[in-house]
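Notes for the one structure printed next.
The values are calculated or read from the model by the stated rules, or taken from the named source; none is laboratory data. If you're wondering where the values come from, they're calculated on a predicted model, not measured in any experiment. Cβ coordinates were reconstructed from backbone atoms using ideal geometry, including for glycine residues, and neighbour counts include every protein chain displayed.
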Amino acid sequence: MNLISTKERSKMNMLEMFYATNEPITIEMLSKQTKASTRSVKNYLKELREMMEEIGGEFQSSSEGVNFKIPMNIGIDYFQKQLFKHSSGFMLLEKIFFDETLTNQQLINRLFISQSTLNRLADSINTALNPYGLKLETSPYKVTGEEYLIRNFYTTYFVEAYSANEWPFENLSKEYIDEILPSAADYYQSTSKIMSYPHFRFRFAVDLVRNLQGYSVEFPSSEHDSLSTLSDKLTTEIEHKIEDLTFIDPLEKKSYIDALVVCQLNISKPILNQRLLQDESLKKQLEEVKEMIDFLTEHFELVIEDQTNLIIEIDKTLLFFSQNIKNCQPKRFILFSPRDYFLVDHYQQKYTTFYELARQNMVLLCKNRGFYPTEDTLNYLIYILISKWSGLTKQLFSRYNTIIVKVYSHLNLRHAQNIAESLISDLPKSLEVSVLDEPIVNEEVLSKLDFDILVTTQTLILDIKQPIIFMYRSRSSYQYDNLQHLIRKIAKQKEKAAREKFIKKHQIYITKEEILKFPEK
């Protein structure tokens with residue numbers, strides 16, 4: 001987004017470099033990475049030093065380069081949020097969110113800028129808002145576009161610009177909202193592990209502000225829309241629940257009720273079940289998402305579990321991208337993607353087969369919803385799938401990388417357990433280390449077991465395909481080095497074998513699909 005100055009972007013890049021290493025970084029390297037002159041870099045360092053000193057940080061300089069000793073409790077998000085607070089463009093967007101009556105002169109006075117600067121700023125904001133399907137009007141100053149897009153943009157803004165402990169909504173009581181908001185446990189009757197409560201609360205606050213300003217959001221209609229009836233029923237129930245609360249006027253009361261109705265429609269599993277009884281279109285859409293998840297589960301031999309929350313998350317995301325009348329697919333973040341967004345690239349490189357299958361299925365789901373996804377939209381959908389799927393990365397890692405090590409001791413079981421515990425504490429977590437219970441091992445005994453490496457305390461000369469490692473008592477022994485070398489070698493072999501296995505399964509699946517499409521006459 002072009003509302004951040006080149007200087008501030010360069011300083012942010014430098015901070016990211018400092019967070020990535022404790023080692024000194026040369027001025028020349030900082031200049032190269034930020035594409036700024038060495039003179040500019042030195043000026044930026046001076047400003048960063050002042051900022052660091054305010055929070056207890058320490059500037060470190062030597063002949064090898066520079067770095068900062070940053071307080072352990074200060075994350076990079078602290079500096080990311082400062083970007084919003086120091087940007088005139090975002091300051092303007094926030095001010096007109098809360099007050100759409102601000103005049104030219106009032107904005108000039110509050111932002112400490114000239115009329116010509118305000119005009120240029122308005123042009124920059126319009127350009128920046130375009131990827132979100134929005135635009136800035138200046139008579140009066142307000143953001144315009146479809147209401148659900150405006151609410152999504154501002155929710156995203158507040159989530160990125162403020163921490164969970166900050167509350168920029170001066171006219172709304174955070175304690176009051178926490179009291180009346182549905183419990184996070186109501187989130188499809190789950191433990192809400194995939195729900196961000198700060199995001200949930202900011203969204204409710206944004207809805208309230210927009211409701212109080214007289215705006216309302218229309219729900220997307222379906223062939224047999226059940227939302228209207230359920231909305232009326234919920235409105236009556238919520239009116240009864242909050243009848244003892246005090247409101248300034250009827251508009252405020254209605255604004256709270258409408259926002260609570262939207263919350264319940266979005267998070268209540270009983271409401272969802274009622275909708276499914278009446279709305280065949282919704283039922284079909286959710287079933288399509290479930291089929292994709294079931295296919296991936298079966299194909300990659302994952303644990304079968306209730307994926308209701310994941311199905312709803314994907315469905316809501318698909319609905320968000322499909323409901324725009326101009327076929328706009330808005331960005332889902334402003335300056336910074338979610339911290340775990342790196343998973344998309346990680347899966348593309350590490351779990352390529354899963355990534356490609358997920359991608360293909362997501363494209364089909366999008367087409368069924370009436371739109372073809374952009375690359376950004378597709379990446380976001382894949383992000384939702386892999387980040388909200390409980391235990392997915394761990395399971396795939398196990399499928400691709402787990403190495404089973406069996407430990408045998410000729411002395412006694414306790415001796416073998418001691419060795420196993422030592423290996424577990426020191427070797428990669430991808431290893432499954434367990435003790436052989438058999439007092440005597442031979443080819444017949446071992447042929448019945450599933451393992452990759454056999455660790456033994458005595459010499460074993462056996463005709464088996466798995467390697468046998470004699471373990472001396474010292475971890476510094478060359479046998480221990482041999483074990484680590486074997487682990488790395490077998491890990492690569494197993495990863496390759498797993499990848500080939502899943503690719504072959506996919507090819508068989510495609511062949512079956514083609515046969516079903518074109519049956520023999």
Completion exercise
Being within 19 Å of residue 290 (Cα to Cα), surrounded by 14 or more Cβ atoms within 10 Å (Cβ to Cβ), touching a Cys at 6+ places or on another chain (Cβ under 8 Å) and not acidic (Asp, Glu) narrows 378, 357, 392 down to just 378
Exercise for the section: Could you figure out which of (1) farther than 30 Å from residue 157 by Cβ; (2) surrounded by 18 or more Cβ atoms within 10 Å (Cβ to Cβ) isn't true of residue 404? Expected result: (2)
Practice task
Tell me, yes or no, whether region 235-245 has at least one residue that is among the hydroxyl-bearing types (Ser, Thr, Tyr), in contact with a helix residue (DSSP H, G or I) (Cβ under 7 Å, 6 or more places away or on another chain) and assigned to a helix (DSSP H, G or I).
Solution key: yes
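Results for (1) within 26 Å of residue 399 (Cβ to Cβ); (2) of a type in the set (S, T, N, Q); (3) modelled with pLDDT of 85 or more, shown as yes or no for each residue.
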position: 444; (1), (2), (3): no, no, yes
position: 448; (1), (2), (3): yes, no, yes
position: 452; (1), (2), (3): yes, no, yes
position: 455; (1), (2), (3): yes, no, yes
position: 461; (1), (2), (3): no, no, yes
position: 466; (1), (2), (3): yes, yes, yes
position: 469; (1), (2), (3): yes, no, yes
position: 472; (1), (2), (3): no, no, no
position: 475; (1), (2), (3): no, no, no
Practice task
Scan region 1-27 for residues that are touching a helix residue (DSSP H, G or I) at 6+ places or on another chain (Cβ under 7 Å) and either of a type in the set (Phe, Trp, Tyr) or over 20 Å from residue 81 (Cα atoms) (or both) and jot them down.
Solution key: 19, 25, 27
Exercise for the section: Would you mention how many residues in region 319-376 are at pLDDT 90 or above, under 19 Å from the mean Cα position of the chain (by Cα), in a loop (DSSP other than H, G, I, E, B) and of a type in the set (Lys, Arg)? Expected result: 2
Practice task
Taking only region 73-108 into account, find how many residues are closer than 22 Å to residue 167 by Cβ, touching a strand residue (DSSP E or B) at 6+ places or on another chain (Cβ under 8 Å) and assigned to a helix (DSSP H, G or I).
Solution key: 4
Fill in the blank from the handout: Checked pairs for region 205-216, first in the same structural domain as residue 151 (by TED's automatic domain parsing), second β-branched (Val, Ile, Thr) and in a helix (DSSP H, G or I), C-beta under 7 Å and 6 or more apart or across chains, list as 205/177; 206/155; 207/262
Exercise for the section: Scan region 442-468 residue by residue and report those that are in contact (Cβ under 8 Å) with a residue 40 or more places away in the chain and part of a loop (DSSP other than H, G, I, E, B). Expected result: 449, 450, 451, 452, 457, 458, 460
